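The values are calculated or read from the model by the stated rules, or taken from the named source; none is laboratory data. Keep in mind the model is a prediction, meaning the values are calculated, not measured. Cβ coordinates were reconstructed from backbone atoms using ideal geometry, including for glycine residues, and neighbour counts include every protein chain displayed.
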Amino acid sequence: MKYIMNKLLFPLVVVGVVAGTGCKKFRDVNVDPNNAADVSVELLLPAAQADIAQVYGGKLQIIGSVWSQYWTQNPNASQYRELDQYQPDASFASNAWDEPYSGALKDLDQIIKKAGTKTNYAAIAKILKGYTYQLITDQFGDAPFTEALKGDEGITSPKYDSQETIYNGIIALVTEGRDELNGESAAPGSDDLIYHGDLALWQKFANTLLLKIYMRLSERNPSLAQSGIAALEATEIGFLDEGEGAEIHYINEAGNFNPLYSEMNNAVIGGIQNLIASKTVIDSMLSNEDPRIGVFFTPVGGNFVALEQGFFNTSSPAASYATPSPAVGGDADQDASAEAPVKLLTTYESQFLQAEAVARGWLTGDAAELFTKGIIFNMSEYGLGEEDITTYLDNAYWAQFPTSGTTEDQIRHIITQKWFSMCGNQGIEAWSEWRRTGYPEFFTISRASRIGNQFPVRLPYPDDESSNNLNFPGQKLVTDKVWWDAN
């Protein structure tokens, strides 16, 4: 592989806005598969990227943020009550399964088949296929992979591959895509909504994605994780750094809204904001005097009043609770929510991943420095100034890296700080990291739990899989761990 030097200097990563009539228009390329051959790779790439962001930043953001105890259901409404009850029905998250297969993955597969001499399109598509398959398997477990997307070959009931097989496959896909990026061939431009064809950033995205994939295996296959991370370091590509996060941006225009804002508005009944602040995160932020509380949440009368997870039996009026802020797209009453970006892979996530890898002895570097950079990147990205950041770093318990502590002490701090940073903006990733490591340790069982003194650890398969796929392996319980969840 030839390392591509970054010839474009971006002080900030500015990603494209889904133009025209928005994401829906892009997804329409999937309506008639007989005409797929007529759609250019220049149209398929933004369609796929918009679809990924729609799923990641919409329904998965809600599921992850409720089960990561950032948010809970407003007691005066009921739209997401089944999440607090830990008993979503099989249709609740069906679009998190159906849309990637019928939308993004199908488009990415077409790009790979049709790219021809436009090899960088195919390379990016392979990287994004790996990203999308990880989203699916992390939430649902075993899934169609080796036989997926082969309807044109007569495979209408693809077999379910084990999660281990899928993980091996996505590692190969992302690595292959990264190594096929070629600075001497034509690259996408504005049709690449994430990096505008900056191939050096795509390489760093791929390396950071692989780091995340390997770290997900830390409790299941640590030897593979360690050797894989050593190989990443040997490439000398590096990982995403300040200003290099992968985002999709939106505008306040119908069809171009942030997907969470769209979801929230569709779910607003009688003018009631459905999701409010969870007491778990609010108490934790207040006890640490975390300035991000005013970024991630909108107070009421200057106060951050929150509700215990699943506490529906209260007569407090809806307007008395703090709500997710426009910065994360979670305030249905604020138009600014429409413009919140979807963050697919962040610079602070990159720093925390590296910090953990260093703490485990799998990567060279300074774990404490990387940990601190993760906090700074997160706070700076959300507009907090030097004074706020310095005060927090000097005084907050969760900002003090335990340099002299055990490896587990260090991992505990890294993952808990990652949880604070991902509040409402990478909810599904925070939930996956809690499942992998058990951190934070201060989650509380929802008062509305219908599964007893347990937490949910996966999503149920959609209903239509049992009726449409002859190879359907049977429904899973939300308490059945996925393969990598050995915690």
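Across the stretch 93-126, the qualifying residues are those that are touching a helix residue (DSSP H, G or I) at 6+ places or on another chain (Cβ under 7 Å) and of a type in the set (Phe, Trp, Tyr), and the one among them that is farthest from Ser466 (Cα to Cα) is Tyr121.
Within the set Arg458, Arg436, Arg412, the sole residue that is among the charged types (D, E, K, R), under 30 Å from Phe311 (Cβ atoms) and in a loop (DSSP other than H, G, I, E, B) turns out to be Arg458. So in the stretch 266-302, with the set limited to residues that are more than 21 Å from Leu393 (Cβ to Cβ) and of a type in the set (S, T, N, Q), which one is modelled with the lowest pLDDT? Once the filter is applied, the top-ranked residue is Asn266. Select from the stretch 291-311 the residues that are free of Cβ contacts under 8 Å to residues at least 40 places away in the same chain and of a type in the set (S, T, N, Q) and list them in ascending order. Correct list: Thr298, Asn303. Can you tell me which residue is nearest to Ser350 (Cα to Cα) among those in the stretch 212-227 that are touching a Leu at 6+ places or on another chain (Cβ under 7 Å) and aliphatic (A, V, I, L, M)? Only one residue tops the list, namely Met215.
Residue-level check: of (1) surrounded by fewer than 15 Cβ atoms within 10 Å (Cβ to Cβ); (2) not in a loop (DSSP other than H, G, I, E, B), Ala430 misses just (1). Please work out which residue is farthest from the chain's Cα centre (by Cα), limiting yourself to the stretch 139-159 and to residues that are within 15 Å of Asp98 (Cα to Cα) and outside any loop (DSSP other than H, G, I, E, B). Ranking the candidates gives Gly151 first.
Would you confirm whether any residue within the stretch 127-150 is of a type outside the set (A, V, I, L, M), touching a helix residue (DSSP H, G or I) at 6+ places or on another chain (Cβ under 7 Å), buried (at least 21 other Cβ atoms within 10 Å of the Cβ) and at positive phi? Checking the stretch 127-150: at least one residue is of a type outside the set (A, V, I, L, M), touching a helix residue (DSSP H, G or I) at 6+ places or on another chain (Cβ under 7 Å), buried (at least 21 other Cβ atoms within 10 Å of the Cβ) and at positive phi. Evaluate the following for Leu344: is it in contact (Cβ under 8 Å) with a residue 24 or more places away in the chain and touching a strand residue (DSSP E or B) at 6+ places or on another chain (Cβ under 9 Å)? Here the answer is yes, as Leu344 does meet what is asked.
Look at Ala319 and say whether it is in contact with a Ser or Thr (Cβ under 9 Å, 6 or more places away or on another chain) and of a type in the set (A, V, I, L, M, F, W, C). Against the criterion (in contact with a Ser or Thr (Cβ under 9 Å, 6 or more places away or on another chain) and of a type in the set (A, V, I, L, M, F, W, C)), Ala319 does not qualify. Which condition number in (1) aliphatic (A, V, I, L, M); (2) over 18 Å from Arg81 (Cα atoms); (3) buried (at least 24 other Cβ atoms within 10 Å of the Cβ) is the one that Leu307 fails? So Leu307 meets the others, but not (2).
Which residue is surrounded by the fewest Cβ atoms within 10 Å (Cβ to Cβ), if the candidates are limited to the stretch 320-376 and must be of a type in the set (S, T, N, Q) and in a helix (DSSP H, G or I)? Reasoning before the result, please.
The initial filter retains those residues of the stretch 320-376 that are of a type in the set (S, T, N, Q), namely 320, 323, 325, 334, 337, 346-347, 350-351, 354, 364, 372.
So of that shortlist, the ones also in a helix (DSSP H, G or I) come out as 320, 337, 347, 350-351, 354, 372.
Working: Ser320: 14, Ser337: 25, Thr347: 25, Ser350: 28, Gln351: 28, Gln354: 31, Thr372: 19.
Filtering first and then ranking leaves Ser320.
Only residues that are surrounded by fewer than 18 Cβ atoms within 10 Å (Cβ to Cβ), over 20 Å from the mean Cα position of the chain (by Cα) and assigned to a helix (DSSP H, G or I) were counted across the stretch 82-111, and they come to 1.
Total residues in the stretch 462-487 satisfying the condition of being more than 22 Å from Trp434 (Cβ to Cβ), assigned to a loop (DSSP other than H, G, I, E, B) and in contact (Cβ under 8 Å) with a residue 60 or more places away in the chain: the figure is 7. Answer yes or no as to whether Ile155 is modelled with pLDDT of 95 or more and either among the charged types (D, E, K, R) or within 24 Å of Gln54 (Cα to Cα) (or both). Judged against the criteria, Ile155 is not a match.
Of all the listed residues (Asp198, Asp191, Asp161, Asp179), the sole one being surrounded by fewer than 23 Cβ atoms within 10 Å (Cβ to Cβ), touching a strand residue (DSSP E or B) at 6+ places or on another chain (Cβ under 8 Å) and not β-branched (Val, Ile, Thr) is Asp161.
Within 22 Å of the chain's Cα centre (by Cα) and buried (at least 16 other Cβ atoms within 10 Å of the Cβ): does that describe Ala206? Judged against the criteria, Ala206 is a match. Could you tell me whether the stretch 408-420 includes any residue that is within 30 Å of Gly151 (Cβ to Cβ), surrounded by 14 or more Cβ atoms within 10 Å (Cβ to Cβ) and in contact with a helix residue (DSSP H, G or I) (Cβ under 8 Å, 6 or more places away or on another chain)? Taking every residue of the stretch 408-420 in turn, none turns out to be within 30 Å of Gly151 (Cβ to Cβ), surrounded by 14 or more Cβ atoms within 10 Å (Cβ to Cβ) and in contact with a helix residue (DSSP H, G or I) (Cβ under 8 Å, 6 or more places away or on another chain).
Test Ser185 against the stated conditions and say whether it is part of a loop (DSSP other than H, G, I, E, B), in contact with a helix residue (DSSP H, G or I) (Cβ under 6 Å, 6 or more places away or on another chain), surrounded by fewer than 17 Cβ atoms within 10 Å (Cβ to Cβ) and not aromatic (Phe, Trp, Tyr). Considered against the rule, which asks whether it is part of a loop (DSSP other than H, G, I, E, B), in contact with a helix residue (DSSP H, G or I) (Cβ under 6 Å, 6 or more places away or on another chain), surrounded by fewer than 17 Cβ atoms within 10 Å (Cβ to Cβ) and not aromatic (Phe, Trp, Tyr), Ser185 comes out as yes.
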